[in-house]
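The values are calculated or read from the model by the stated rules, or taken from the named source; none is laboratory data. Here the structure is a predicted model, which means the values were calculated and not measured. Quick reminder, even Gly has a Cβ in these numbers, built from the backbone with ideal geometry, and neighbours come from all protein chains shown. We work out accessible area using only protein heavy atoms, side chains counted, and drop any ligands, DNA or RNA first. Shrake-Rupley method; radii C 1.70, N 1.55, O 1.52, S 1.80 Å.
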Amino acid sequence: MFNSQLSTNHLLGIKYITQEDIEKIFATAEEFKDVINRPIKKVPSLRDVTIANVFFENSTRTRISFELAERRLSADVVNFASSSSSVNKGETLLDTIKNILAMKVDMVVMRHPAPGAHHFLSRHIDAHIINAGDGTHEHPTQALLDTFSIKEKMGTLQGKNIVIVGDIIHSRVALSNIFCLQMLGANVAVCGPRTLIPKHIEALGVTVIDDVRKALQWCDAANILRIQLERQNTKYIPSLREYTNHFGINKELLESINKEILILHPGPINRGIEITSDVADSNQAIILDQVENGVAIRMAVLYLLAGIRQ
Ligand code: CP
């Protein structure tokens with residue numbers, strides 16, 4: 001394993017890194033953002049490093065963003081999708097990853113539906129593990145890119161009010177954002193149907209605002225999440241139409257608060273449900289800036305974890 005330049009050998013979640021780590025990742029990402037905007041977008045930093053992208057759940061943005069980040073750093077990249085793998089023949093997660101590592105892989109970027117799958121692996125294998133989303137638990141690189149994007153627009157997170165709107169209880173993006181934003185000095189609130197908000201979320205220092213107009217009035221930036229129907233076995237809301245009527249973000253609602261706030265969305269967007277197209281495509285929305293920054297943030301994470309070779 002390489003000597004990480006972060007306080008940890010793995011990125012398992014924002015909860016397990018420090019404020020200093022986040023600041024180091026942001027400073028490095030700023031440098032890589034310059035690199036990826038140059039005509040020649042590649043640097044040799046991770047030449048001879050082999051990275052496996054192992055996805056047990058669907059992904060568009062995160063998978064492509066990691067692969068681009070790895071290729072921009074000149075790493076060798078292998079991609080694994082569970083849908084076409086021997087996992088379907090009954091192989092365990094540990095056996096699958098051990099077989100991949102036997103082919104001399106240095107880092108594993110993994111998305112898995114089980115919270116804690118990455119912790120389990122990090123205790124059993126000798127490679128850097130990066131969490132690309134573990135069930136409803138954490139999605140650390142998403143929180144890093146969201147927070148970096150807000151900081152880029154506002155200059156600082158210190159003292160800023162950020163609200164996360166939507167399906168909080170099923171959202172790994174929400175939990176990682178709460179940890180990351182608070183570590184950088186922001187005040188965090190959540191807003192959504194009470195059935196979609198964890199019962200004791202206030203224990204994390206988060207405020208619950210029930211009225212979406214009040215939440216928007218309070219905040220400097222709003223991160224809008226989709227309803228994750230794929231993780232809901234019971235009915236948490238009467239219907240999507242009812243959700244949209246009470247918590248959907250539309251132009252009329254934003255105009256009624258008489259201030260300009262930033263709008264974020266981690267994607268994938270369900271247009272017309274949690275956000276209307278006129279908001280998602282407006283100048284207030286920084287959704288594509290988030291995607292662009294995602295590549296630089298992931299380059300920074302990979303680069304810093306790879307550190308100096310032992
Ligand atoms: N934001 C995010 O994780 O998107 P994907 O599921 O497409 O990777």
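Give the cross-link partners of LYS259 among the aspartates and glutamates, using a straight C-alpha distance below 15 Å as the criterion and excluding same-chain residues fewer than 8 apart.
Cross-link targets: ASP220.
Considering only protein heavy atoms, what per residue accessible area in square angstrom results for the range 1-76 with a 1.4 angstrom probe?
49 Å²
So if R0 is 51 Å, what FRET efficiency would ASN233 and ILE257 give, r being the distance between their Cβ atoms, rounded to the nearest 0.05? Numbers along the way, then the final one.
Numbers: r = 36 Å, r/R0 = 0.70.
E(calc), rounded to 0.05, equals 0.90.
So how compact is the chain: Cα radius of gyration and Dmax in angstrom?
According to the Cα coordinates of the chain, Rg and Dmax are 19.3, 59 Å.
Measuring with a 1.4 Å probe in the full set of protein chains, what accessible area per residue, in whole Å², belongs to the range 140-290? Don't skip to the end; give the middle numbers.
Details: 6480 Å² over 151 residues.
Ligands and nucleic acids excluded, the figure is 43 Å² per residue.
Determine, at each q value in 0.10, 0.15, 0.17 (inverse angstroms), the log₁₀ of I(q)/I(0) that the Debye formula gives when each Cα of the range 140-290 is one equal point scatterer.
Result of the Debye calculation: -0.29, -0.70, -0.92.
Checking the table LYS160/LYS214; LYS33/LYS160; LYS15/LYS153; LYS33/LYS251; LYS42/LYS151; LYS15/LYS235 against a 20 Å threshold on Cα-Cα, which pairs fail? Working shown, then result.
Numbers: LYS160/LYS214 16 Å; LYS33/LYS160 24 Å; LYS15/LYS153 24 Å; LYS33/LYS251 31 Å; LYS42/LYS151 25 Å; LYS15/LYS235 30 Å.
Exceeds cut-off: LYS33/LYS160; LYS15/LYS153; LYS33/LYS251; LYS42/LYS151; LYS15/LYS235.
Contact order normalised by length for the chain, with contacts defined as Cα pairs under 8 Å and 6 or more residues apart; what percent is it?
Over the chain, the number comes to 23 percent.
Mind checking which of ALA81, ALA29, ALA186 has the largest fluctuation in a GNM of the chain, springs on alpha carbons under 10 Å?
The residue that fluctuates most here is ALA81.
Give me the percent of the accessible area of the range 140-290 that comes from carbon and sulfur atoms, probe 1.4 Å, all protein chains in place.
The nonpolar share, carbon plus sulfur, comes to 49 percent.
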